[in-house]
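A.B. asks: Provided herewith is a single structure, encoded as structure tokens, for subsequent inquiry.
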Amino acid sequence: MKNLIKKSIYSFYPKDSLKPYKLKLGYIFHTEQIYDDTYFSWLLEFCSTYYEITGARAICAIIPPTNYLLAQSLKEAGFSESNFVSRLRDIEKVATLGYHGHFYNSKTPKAEFAIHCNSFQLKPLIEQVEADLNWFRKHNIDHNGIYSGGWWFMNAFLADMLITNGFRFDYTFSRAPYFFNLFSDQIMSENQVRIGESFYLESGKGKMLCIQNFIGAHATPYVEDFDRNLKNLFSPENENGLNVGVINSHDYDLDLKNTLKCIRHLVTDAGAEFFSHDGLRALSEQQARKTALLDLNK
């Protein structure tokens, strides 16, 4: 019944409703379960088909095996570190790699120890970031200076560590209520950053270009669901302006068929342009007019 109602309502919904927003989009994966053969094959198929449709490479932000939960999962699956590295080499052929961080206040990777917002301890956060980045260096895996936060976690200490370690691009900040993070919200509100507007985050050690994460990937047969949800985030000032950002999903919850259907719709009906990371960076560098300064004493 629900689908029949949607079908009826959407028969009157214009397919080009997003056209006035001049969308400049990328696609980013929070890549967490490539040890699973099915998810891995879906990921490669999506990235290849996505490139055929858009001419752009997706971004795959990777959790390294130093992550407590991933280390546990690899052990349970009997999946070796060398196989993990081999799969990253395969992903590199069809996508751009980045770093995806998930952190815990304990070495026991349970939900109650997960670092989300202000519920964090600095020492374990520093230790885990350092261990993750050492893993990338040890195995000569290039994260391209790209970061995207797990659970949308970001704060001044993490941002400062990332900048210190050469990260220059972030895809964590979002105006979507389902991706809410208090630090991110305060930074964007204090600096009057609207949705679809890139900006810089600066410390005494450098600065990082922040490109916003719009909403999650499409997972229903109705592309109008995506259009409606994205439009609900926009305000009149977004019309006839430049709106730059990414769509996201995990590798394990990707709806391959419906997401690709939505990508085709955005290109054909909404006039959206898709870009690889380098294209998004160039657009954002032209667009970014605001710089937020990090304060580690707040």
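Where a number appears in this text, it was derived from the coordinates with a stated rule and is not lab data. Since this is a predicted model, take the numbers as computed values, not measurements. Using ideal geometry, Cβ is built from the backbone for each residue, glycine included, and neighbour counts are taken over all protein chains shown.
A.B. asks: Could you pull out every residue, at least 5 positions away or on a different chain, whose amide H is within less than 5 Å of the one on residue 250? Hs are placed 1.01 Å off N in the peptide plane, and Pro or chain starts have none.
C.D. replies: 30
A.B. asks: Here's another thing I want to ask about it. With θ set to phi - 60° and the Karplus curve 6.51 cos²θ - 1.76 cosθ + 1.60, what are the ³J(HN,Hα) couplings of the stretch 242-247 in order, to the nearest whole Hz, using x for Gly and Pro?
C.D. replies: Karplus values, whole Hz, x for Gly and Pro: 9, 10, 10, x, 10, 9.
A.B. asks: Label points 7 Å out from Cα along the Cβ direction at residue 157 and residue 229: separation in nm?
C.D. replies: Distance between label points: 3.3 nm.
A.B. asks: For a quick check: sort 107, 261 by the number of other beta carbons within 10 angstrom, fewest at the front.
C.D. replies: 107, 261
A.B. asks: If the limit is 22 Å between Cα atoms, which of 107/207; 6/261; 75/110; 22/257; 75/257; 207/231 go over it?
C.D. replies: With Cα atoms farther than 22 Å apart: 107/207; 22/257; 75/257; 207/231.
A.B. asks: Can you list residues from other chains, or at least 5 along the same chain, whose modelled amide H is less than 5 Å from the amide H of residue 292?
C.D. replies: Distant-sequence amide H within range of residue 292: 200, 201, 202.
A.B. asks: Modelled label-to-label distance, residue 107 and residue 89, 7 Å Cα→beta-carbon offset: nm?
C.D. replies: 3.1 nm
A.B. asks: Calculate, in nm to one decimal, what residue 168 and residue 252 gain on full extension: separation in residues at 0.36 nm each, minus their alpha carbon distance.
C.D. replies: Full extension from residue 168 to residue 252 adds 27.5 nm.
A.B. asks: Ratio to report: Rg/Rh of the stretch 17-293, with Cα atoms as the point set and Rh obtained by the Kirkwood method; give two decimals.
C.D. replies: 0.94
A.B. asks: Same structure, new question: Hey, can you grab everything whose amide H is under 5 Å from the amide H of residue 58? Only 5+ residues off in sequence or another chain; H modelled, so Pro and N-termini drop out.
C.D. replies: 96
A.B. asks: Would you mind getting me the FRET efficiency between residue 194 and residue 77? Use the beta-carbon distance for r and R0 = 41 Å, nearest 0.05.
C.D. replies: In this case the efficiency is close to 0.45.
A.B. asks: Let me ask something else. Would you work out the relative contact order for the chain, in percent, from Cα pairs under 8 angstrom that are 6 or more residues apart?
C.D. replies: 28 percent
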